[in-house]
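Here's the structure, in structure tokens; my notes come after.
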Amino acid sequence: MARNVFFKQVIADLSLPNSSPFAKLLDSCIKSKSARDVVRVHARIHKSQFSHEVFINNRLIDAYGKCGSLDNARKMFDGMPRRNTFTWNSMISALTVSGFVCEAEKYFSLMPEPDQCSWNLMVSGFARHEFFIDSIEYFVKMHREDFVVNDYSYGSVLSACAGLRNLKMGTQIHASVAKSLHSADVYIGSALVDMYSKCGRVGCAQKVFDGMGERNVVSWNSLITCYEQNGPAIEALRVFVKMMNCGIKPDEMSLASVVSACASSNAIKEGKEIHAQIMKFDGFRNDIVICNALVDMYAKCGRISAARCIFDSLQMRTVVSETSMVTGYARVASVKSARALFSRMTERNVVSWNALIAGYTQNRENEEALGLFLQLKRESVWPTHYTFGNLLNACANLADLKLGKQAHAHVLKHGFRFQYGPEPDVFVGNSLIDMYMKCGSVLDGSSVFRSMVERDYVSWNATIVGYAQNGHGIEALDFFRQMLRAGEKPDHVTMIGVLCACSHAGLIEEGRLYFYSMEEYGIDPLKDHYTCMVDLLGRAGLLNEAKSLIESMPMPPDGVVWGSLLAACKVHGDIDLGRFVAEKLLELDPNNSGPYVLLSNMYAQLGLWTDVKRIRKLMRQQGVVKQPGCSWIEIESNMHVFLVKEKRHPQKREIYLLLKTLTKLMRLAGYVPDVGAFYADEEYRPEYTSVDELSSPLLASAAL
């Protein structure tokens with residue numbers, strides 16, 4: 001009411017001693033963001049004796065710019081017969097506020113005498129609109145021109161360094177700050193914490209925070225977000241508790257970040273406690289950002305009912321909350337519910353698409369993931385590196401090289417170079433390597449590895465494991481040595497690849513050496529490493545050593561490691577040890593048909609048919625059923641599936657005829673098939689094997 005009275009009084013009064021009342025009115029218009037009121041004040045100024053005063057015209061340009069009326073600001077500037085530095089600064093400010101930073105740069109270049117404010121406007125304007133390189137360049141020029149750099153300059157350029165993840169430049173500016181009068185400024189300190197956080201340097205961010213003499217809620221938020229985004233996420237909770245103990249009242253940013261940290265660390269108990277605190281504050285209870293974070297937290301922790309409850313209570317649903325629910329449904333393997341919600345979304349962004357594609361991939365519905373990607377392309381949604389990461393995982397799961405190469409072509413068209421930066425895409429290159437290796441194309445996989453601009457330990461692991469799994473043990477070990485020379489530290493996955501490579505290459509001594517030297521790399525052997533060593537020793541026939549290794553394991557051996565030894569016993573015909581291992585496996589899982597089948601096959605190979613029948617009888621008594629073998633091949637994009645004794649294939653006559661011909665040719669050549677395993681499966685020993693009773697792999701081979 002007081003503002004309206006003052007407004008009417010100034011508008012009506014024609015005998016004002018100076019233009020200060022108009023300046024106050026324009027400040028009021030800026031606060032209310034009312035361009036309409038600025039026009040009214042301008043009309044009154046035009047009728048007064050101050051219509052050509054430079055001061056009030058500068059204020060008019062500034063008010064028009066800050067209220068979003070850029071055209072009126074331009075008209076004011078163009079119509080001024082006299083201008084000073086403040087006039088130019090007001091126009092540059094209006095342009096940067098509206099996002100026209102390139103035009104602002106033109107005005108800056110035409111300025112007769114730029115001052116400190118002019119330079120700061122350019123540095124901050126470019127940083128605000130994510131022209132980070134330009135922002136840094138103007139800061140450097142400003143420093144070179146001997147203008148005084150203040151807290152505003154430092155804050156803006158640190159924001160640009162954070163946006164670029166440019167640690168080198170950020171560190172240099174930190175050094176400049178340390179030498180300046182602004183080293184203790186809370187605003188600069190918070191900007192430094194944020195810069196180190198965005199560059200992934202958690203230790204540096206913590207050190208800056210610890211050295212701050214004064215902290216505000218922004219400082220605490222920067223550190224909480226640092227741990228939430230870089231990990232360990234649980235540390236964000238510790239910082240939040242410390243912040244509360246220091247008497248700092250959290251804002252929506254603090255609460256949203258700490259709830260997100262609970263989601264990342266699966267800390268459902270702490271998340272519920274923070275949710276209870278949020279409900280006590282009326283200002284935060286219905287805050288859309290906090291509610292979205294709560295939906296995401298409950299969804300990621302697998303509490304889909306709680307997430308849905310909050311989601312249904314939202315007064316306004318956004319694409320963020322809906323995407324969180326899609327992710328949540330996908331995580332609990334309810335992909336149908338995720339798809340239904342996705343289909344009802346009025347607004348979708350690429351994150352929504354990525355969430356559902358990832359959901360299909362995680363739940364092994366890879367064909368659906370590929371179909372959704374094609375729909376994304378049809379709807380002209382621009383895919384991101386996360387999209388391609390999930391797409392390539394789907395191709396890898398399907399082991400479909402043709403589709404994988406098509407996906408690779410899309411990756412190349414989108415200009416990915418596999419490097420770090422504001423949006424790092426190294427993991428797309430890693431996904432490509434993994435896809436090619438799982439499809440058996442090791443040359444393409446190694447070619448992608450060599451083409452990557454930057455690599456991480458995952459790149460090396462994918463290549464080493466890929467070579468090992470495809471039987472190229474020597475090449476895998478060569479890559480491991482290159483990895484060490486490159487200064488990359490191996491991890492558990494690396495050593496699995498190395499031991500697997502030794503196993504495939506028959507390198508017994510090298511395998512022992514790598515296994516027992518793992519501690520030198522700070523790695524304690526896990527079950528998977530022991531399984532690899534048992535496989536290595538088993539292939540070499542060192543069955544007793546393999547048994548001793550299992551018995552020396554610091555953790556209880558599981559069915560996988562005992563199964564590896566049982567398979568080796570079958571290969572080398574050690575029936576006594578095989579019987580012992582089978583008993584161990586049946587103790588772990590009495591309903592698993594694997595031990596029964598392997599043991600009966602061992603008896604069959606030795607001609608112990610009484611024991612074969614005993615094992616099969618025991619299986620029936622225990623209710624254990626062996627699943628029939630299955631093989632499949634793809635011919636001209638059509639999948640052909642074959643079971644044992646396949647009778648349903650439309651071309652069964654041609655396939656069996658070819659098999660019969662091949663069988664005759666093999667016998668004429670003197671080949672005697674090893675059919676012991678087949679006889680064991682059939683529980684009797686016939687005089688011959690008919691073509692109709694051949695296994696699924698042979699049928700698949702004949703179909704080719």
How do the pairs read when you match residues in the stretch 549-563 that are more than 17 Å from Phe515 (Cα to Cα) with residues anywhere that are in a helix (DSSP H, G or I) and hydroxyl-bearing (Ser, Thr, Tyr), using Cβ under 6 Å and keeping only pairs 6 or more apart or on different chains?
Val560/Thr531
Does Ile433 meet the test of being under 21 Å from Tyr514 (Cβ atoms) and in contact with a helix residue (DSSP H, G or I) (Cβ under 6 Å, 6 or more places away or on another chain)?
no
When you scan the stretch 171-216, how many residues do you find that are crowded, with 18+ Cβ neighbours inside 10 Å and charged (D, E, K, R)?
5
Subset tally (residues that are hydrophobic (A, V, I, L, M, F, W, C) and surrounded by fewer than 17 Cβ atoms within 10 Å (Cβ to Cβ)) for the stretch 363-380:
1
Arg317 being crowded, with 16+ Cβ neighbours inside 10 Å, part of a loop (DSSP other than H, G, I, E, B), within 25 Å of the chain's Cα centre (by Cα) and not small (Gly, Ala, Ser)
yes
Six or more apart or on different chains, Cβ under 6 Å: which pairs go from a residue in the stretch 657-685 that's assigned by TED's automatic domain parsing to the domain that holds Lys617 and modelled with pLDDT of 85 or more to one that's surrounded by 14 or more Cβ atoms within 10 Å (Cβ to Cβ) and part of a helix (DSSP H, G or I)? Could you list them?
none
Among the residues in the stretch 335-347, are any crowded, with 16+ Cβ neighbours inside 10 Å, within 30 Å of Phe284 (Cβ to Cβ) and among the basic types (Lys, Arg)?
no
Are any of the residues in the stretch 294-305 in a helix (DSSP H, G or I) and without any contact (Cβ under 8 Å) to a residue 12 or more places away in the chain?
yes
Is it the case that Tyr386 is part of a helix (DSSP H, G or I), closer than 21 Å to Ser324 by Cβ, more than 14 Å from the chain's Cα centre (by Cα) and among the hydroxyl-bearing types (Ser, Thr, Tyr)?
no
Being in a helix (DSSP H, G or I) and surrounded by 20 or more Cβ atoms within 10 Å (Cβ to Cβ): is that true of Val534 here?
yes
Would you be able to tell me the number of residues in the stretch 537-561 that are within 16 Å of Cys500 (Cα to Cα) and assigned to a helix (DSSP H, G or I)?
6
Mind checking whether some residue in the stretch 215-227 is part of a helix (DSSP H, G or I) and more than 21 Å from Ala191 (Cα to Cα)?
no
Is there a residue in the stretch 596-611 that is part of a helix (DSSP H, G or I), assigned by TED's automatic domain parsing to the domain that holds Ser548, touching an Asp or Glu at 6+ places or on another chain (Cβ under 8 Å) and aromatic (Phe, Trp, Tyr)?
yes
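The rows are residues; the columns are (1) at pLDDT below 90; (2) surrounded by fewer than 16 Cβ atoms within 10 Å (Cβ to Cβ); (3) of a type in the set (A, V, I, L, M, F, W, C).
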| residue | (1), (2), (3) |
| --- | --- |
| Ile274 | no, no, yes |
| Phe281 | yes, yes, yes |
| Arg285 | yes, yes, no |
| Arg303 | no, no, no |
Tell me which of these Arg215 doesn't satisfy, since it passes every other one: (1) at pLDDT 90 or above; (2) more than 26 Å from the chain's Cα centre (by Cα); (3) over 16 Å from Met253 (Cα atoms).
(3)
For the stretch 616-635, indicate whether the set of residues that are touching a strand residue (DSSP E or B) at 6+ places or on another chain (Cβ under 9 Å), among the β-branched types (Val, Ile, Thr), in contact (Cβ under 8 Å) with a residue 12 or more places away in the chain and not in a helix (DSSP H, G or I) is non-empty.
yes
Of the residues in the stretch 398-448, how many are among the hydroxyl-bearing types (Ser, Thr, Tyr), surrounded by fewer than 15 Cβ atoms within 10 Å (Cβ to Cβ) and assigned to a helix (DSSP H, G or I)?
1
Only one of (1) over 24 Å from Ala306 (Cα atoms); (2) crowded, with 18+ Cβ neighbours inside 10 Å; (3) charged (D, E, K, R) is not met by Glu228, so which one is it?
(1)
Given the conditions (1) under 22 Å from Lys438 (Cα atoms); (2) out of contact with any Phe, Trp or Tyr (no Cβ under 9 Å at 6 or more places or on another chain); (3) not aliphatic (A, V, I, L, M), which single one is not true for Tyr467?
(2)
What's the total number of residues in the stretch 597-640 that are closer than 18 Å to Leu585 by Cβ and of a type in the set (S, T, N, Q)?
5
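Here's the yes/no breakdown for (1) surrounded by 16 or more Cβ atoms within 10 Å (Cβ to Cβ); (2) under 24 Å from Met495 (Cβ atoms); (3) modelled with pLDDT under 85:
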| residue | (1), (2), (3) |
| --- | --- |
| Leu513 | no, yes, no |
| Pro525 | yes, yes, no |
| Gly541 | no, yes, no |
| Trp562 | yes, yes, no |
| Asn592 | no, no, yes |
| Val597 | yes, no, yes |
Taking the condition charged (D, E, K, R) and under 35 Å from the mean Cα position of the chain (by Cα), does Glu113 pass?
no
Qualifying helices (runs of 4 or more DSSP H) (wholly inside the stretch 48-155; at least 3 residues being in contact with a Lys or Arg (Cβ under 8 Å, 6 or more places away or on another chain)):
85-97
Can you tell me which residue among Tyr386, Tyr360 is surrounded by 14 or more Cβ atoms within 10 Å (Cβ to Cβ) and farther than 22 Å from Lys413 by Cβ?
Tyr360
Under 7 Å by Cβ, and 6 or more places apart or on different chains, what pairs join a residue from the stretch 334-348 that is closer than 16 Å to Asn363 by Cα with one that is among the small types (Gly, Ala, Ser) and part of a helix (DSSP H, G or I)?
Val335/Gly359; Ala338/Ala330; Ala338/Gly359
Check whether at least one residue in the stretch 135-144 is out of contact with any Leu (no Cβ under 9 Å at 6 or more places or on another chain), closer than 23 Å to Asp71 by Cβ and buried (at least 16 other Cβ atoms within 10 Å of the Cβ), and report yes or no.
no
Answer residue from the stretch 505-521, given it is under 34 Å from the mean Cα position of the chain (by Cα) and touching a residue at least 24 places away in the same chain (Cβ under 8 Å) and is farthest from Pro556 (Cα to Cα) among those
Tyr521
For the stretch 484-495, the count of residues that are surrounded by fewer than 22 Cβ atoms within 10 Å (Cβ to Cβ) and assigned to a helix (DSSP H, G or I) equals 4
Which condition does Leu223 not pass, out of (1) of a type outside the set (S, T, N, Q); (2) surrounded by fewer than 22 Cβ atoms within 10 Å (Cβ to Cβ); (3) at pLDDT 95 or above, if it passes all the others?
(2)
I'm checking my understanding of the structure. Among residues of the stretch 28-41 that are crowded, with 21+ Cβ neighbours inside 10 Å and either of a type in the set (A, V, I, L, M) or within 22 Å of Thr85 (Cα to Cα) (or both), which one is nearest to the chain's Cα centre (by Cα)?
Val38
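The values are calculated or read from the model by the stated rules, or taken from the named source; none is laboratory data. Note that this is a predicted model, so its numbers are computed, not measured. All Cβ positions, glycine included, derive from the backbone under ideal geometry; neighbour counts span all protein chains shown.
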